[in-house]
Amino acid sequence: MASTPTAMQSPVAAREWRRFTSAQRLARFAVYLVMTAAIVASLQTIEIIPEFLADAPEQVVDLLSRMWPVDWAHYPGTVHEALVETLNIASLGTLLALVLALPVGILAAHNLVPSTPINLLAKLVLVSSRSVNSLVWALLFVGIFGPGPLAGTLAIAFRSIGFVGKLCGEALEEAHAGPIEALTAAGASWTSRLTFGYWPQVKPAFWSIALFRWDINVRESAVLGLVGAGGIGMALDAALNLFQWDRVAVILIAIFAVVVIAEVVVTQLRKRVI
Amino acid sequence: MRAATDLPAPLDNPFRSSVWPRIAGVALLVYVVWACAQMDISWARVEIGLENAAHFFSRLFPPNFTRWEILVKGLLESLQIAVLASALGIVLALPIGLCASRNLMPAWASWPARFLIVTARSFHPVIVAIVFVKAVGFGALAGVLALTVASIGFIGKLFTEAIEEISLKQVEAVRATGAPFASVLGFGVLPQVFSRFIGFATYQLDSNLRNSTMVGIVGAGGIGGTLFAAFQRFDYDFVCAILLSIIAIIMAGELMATAVRRIFIGNATFADLWRRGRAAPKLQPLQDD
């Protein structure tokens, strides 16, 4: 009696329903395993000096008490100049990056330059630009051009080439083929296809990438001075070396303000551009 | 005849640009000239630099790997910093990001959380590292804490945006069954944001790996300290060895992050990873890669 319903259900009930195949579950499990192992191994081997850790609350109080009456008298002279220099480094670096990245981005787009070796070469350039941190680029350019904002500007530019070029190349590859085919059918040259077929399609993406990168570069250019590449980082480095914590506080607040303003400006401009 | 005269006169150049872009272009040019003058950037300086460049690069190569023990020690410390900072940052960023989402949380909870996220995002990790070096002393702990702050800012922001974009229908349905808040989160919210979360968590791990090689410049542990010291001693062939190892590690990290994304978002198996058929899901441009 009771067995009848179960007997009827059994072919379905016996089947085990799973969301993923066992191979997929194995892959996921492996990722979890590696993650846990990495965290445990790092926790066990990382060098933490217990005396420093015990000292931390005291040091934080000390830091805040040294910073607190923020001395705005530091701002008008050196800090303001350094801040303007930082903004100039970020803006000039972004402009230079746009100029340098566009050709590389075009070379990386397969539908514009249908040659796989050239595409791969351009992509290699873009990847190498992105793999090197802007501080490392700054170190290299300080080594070549000496300390100063020139090194910073070039560091920002070379770091941004990869980012801008990659995103522009992708935007070009995603452009609709219709207008380009029409231009080709009308006998348009390669440059005409680029300016009248591709450019109008990628223009919004291009300006949005440029603004986005400028925002990132404002943040990044603030630290380049720590390795001698100009901008407010140099003022910060000097203040730190002299233990002038009230001045450090002014500089940190200035960086915070500029970064927030830059983000607001970019958000507003992006709304209008796109 | 009449129909033809009614048509508007054809434009000479249908692609003629309007006035504003031209004005903007001129303004930009003026700015570039002014900024270059301000910062003493001139062609003469670039030329002097280019002469130095040959000398500089000749000293950079060949890379010198004889002190590989220091190199491996620094790299391992950077890896530890990156792993711990990512884990800690993600764990802390999830509740903060949840608090900051305006569709699930009241204003009194979301505004402080949003302020925290904006503050954490505004400073470059290296600057945050300076403060932590003062607070907890030189060493890897300062690096871990600095990158944790960076991770909170980045993941918190994206997690908030992801939650704010979810469909509230599922949430309502779970709520209608009388489920407690934890169940609403677990069954109504998290499944909707999980794949995006994997995307930016792997991205952050990648980014922390890059930055963990740099925080050492201000004394917060990792290979950066060795790099900066070697650079200041003009020990350029060792600098080159360090840079090559950093680039290799970062590229390996990027490959691993892509593999994780394919496993979790693309449901790939190990066999799929070797095949090139299923492409990795594309990510939106995020903060900085």
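The values are calculated or read from the model by the stated rules, or taken from the named source; none is laboratory data. The model shown is predicted, which means the values in this text are computed figures rather than measured ones. Using ideal geometry, Cβ is built from the backbone for each residue, glycine included, and neighbour counts are taken over all protein chains shown.
Descriptive notes on the structure:
- Filtered by the rule that a residue be within 19 Å of A:I144 (Cβ to Cβ) and within 11 Å of another protein chain (Cβ to nearest Cβ), the stretch B:223-245 gives B:L227, B:F228, B:A230, B:F231, B:Q232, B:F234, B:Y236, B:V239, B:C240, B:I242, B:L243, B:L244.
- Residue check for B:R276: more than 11 Å from every other protein chain (Cβ to nearest Cβ) and either surrounded by fewer than 21 Cβ atoms within 10 Å (Cβ to Cβ) or modelled with pLDDT under 85 (or both): yes
Per-residue answers, yes or no, for (1) among the hydrophobic types (A, V, I, L, M, F, W, C); (2) part of a helix (DSSP H, G or I):
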| site | (1), (2) |
| --- | --- |
| B:N211 | no, yes |
| B:G221 | no, no |
| B:T226 | no, yes |
| B:A230 | yes, yes |
| B:C240 | yes, yes |
| B:I246 | yes, yes |
| B:I249 | yes, yes |
| B:A257 | yes, yes |
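- Residues that are closer than 30 Å to A:L194 by Cβ, touching a Gly at 6+ places or on another chain (Cβ under 9 Å) and not in a helix (DSSP H, G or I) are absent from the stretch A:115-127 altogether.
- Test result for B:I130, in contact (Cβ under 8 Å) with a residue 24 or more places away in the chain and more than 22 Å from A:I251 (Cβ to Cβ): no
- The number of residues in the stretch A:168-200 being within 23 Å of A:L98 (Cβ to Cβ), in contact (Cβ under 8 Å) with a residue 24 or more places away in the chain and not in a helix (DSSP H, G or I) comes to 1.
- For the stretch B:43-71, a residue qualifies if it is in contact (Cβ under 8 Å) with a residue 12 or more places away in the chain and either under 25 Å from B:V33 (Cα atoms) or β-branched (V, I, T) (or both), and exactly one does: B:I70.
- Those helices (runs of 4 or more DSSP H) lying entirely in the stretch B:60-157 with at least 2 residues under 21 Å from the mean Cα position of the chain (by Cα), farther than 25 Å from B:L244 by Cα and of a type in the set (D, E, K, R): B:107-122
- Condition check for A:L112: touching a Phe, Trp or Tyr at 6+ places or on another chain (Cβ under 8 Å) and closer than 22 Å to A:A210 by Cβ: yes
- Test for B:G156: is it of a type outside the set (A, V, I, L, M, F, W, C), touching a residue at least 12 places away in the same chain (Cβ under 8 Å), closer than 30 Å to A:S42 by Cα and in contact with a Ser or Thr (Cβ under 9 Å, 6 or more places away or on another chain): no
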